[in-house]
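Only the coordinates and a few stated rules stand behind these numbers; no lab work does. Because the structure is a prediction, the values reported are computed rather than measured. Don't worry about glycine lacking a Cβ; one is built from the backbone with ideal geometry, like all the others, and counts go over all protein chains shown.
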Amino acid sequence: MAARARPTNILPQSTAGGSQAIASQVQDLNRRVGQLDVNNADLHRQLAQAEQARQGSQEQVTLLQKQLGEMATRLKETQVAKAESDKQVNAIQASTRARGGATITANNSIRQSLATVAIPGLDIRQDGEVIRIEIPSDKLFMPGTGQLQTDGYRILDEVAAAVQRTYQRQRIVVEAHTDDALAANPTAAHALTTAQAQAVFQQLVQRGRLPPRQLSVLAMGENHPLASNATPAGKVKNRRIEIVVYPDTIDG
């Protein structure tokens, strides 16, 4: 009787099929792990970007809070400086009356038509009831100071002569203005314009021989610009002395 043949291919085929399935599973798992690594890296990148944006927003908030605080401080200093200037004006006017026994009276005829004068190189304009003789501070003073330069004496001599000819009895106020170069320190801006106004006052009295009781001084700081401080030309325009002629007369 012949021997029965054994099925020699069954086990190897089953083993080969299982190996292929495992290899396929491993390959799929490797693909998933790789995708998860990519997703994890992307999430870390997004998290870093979000943290950077948060820090940037916090820095902006901090900067805005700082600027707001500085603005509030500047506003308070400006209000204090303005109040001090108002006190100075009132004190000067009271002192003027006390020293000279002068009285300020309104002159209706002059109020109706206040004459204007012409001084070469200076802007002279009617402003409501007053006349403003505008003198660029750069022509009068050394930069950023109350120290008169050589040409400043000549200019003030011409202004004093014009006042003597045309406005002998009118009340005169010397207004000093500046630009925003000292905006971070309004007190310094008022100190500068105070020094400049007083220097002009002294020259008009000592050299121009105008009576002290006719004059008052007013330091305006940077509070009343004529032009934008955003341009150099605007800054130059705002640095100025204004000789303001009022229609009121001073009788002594």
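A few comments on the model shown:
- For segment 160-235: rounded, prolate or oblate by the Cα gyration tensor [a/c cutoff 1.5]: prolate
- In loop segments of segment 113-194 as defined by DSSP, the GluC sites (Glu not before Pro) with at most 15 further C-beta atoms inside 10 Å of their C-beta are GLU129.
- Stretchable slack from SER24 to ARG45, in nm (0.36 nm times residue separation minus alpha-carbon distance): 4.4 nm
- Cross-link reach is defined here as a Cα-Cα straight distance under 19 Å, omitting same-chain residues fewer than 8 places apart; for LYS66 the aspartates and glutamates meeting it are GLU77.
- Each residue, ARG32 and LEU226, gets one label point 7 Å from its Cα in the Cβ direction; the gap between the two is 8.2 nm.
- Partner aspartates and glutamates for LYS139 [C-alpha distance under 17 Å; skip if fewer than 8 residues away on the same chain]: ASP123, ASP151, ASP157, GLU158, GLU175, ASP179, GLU242
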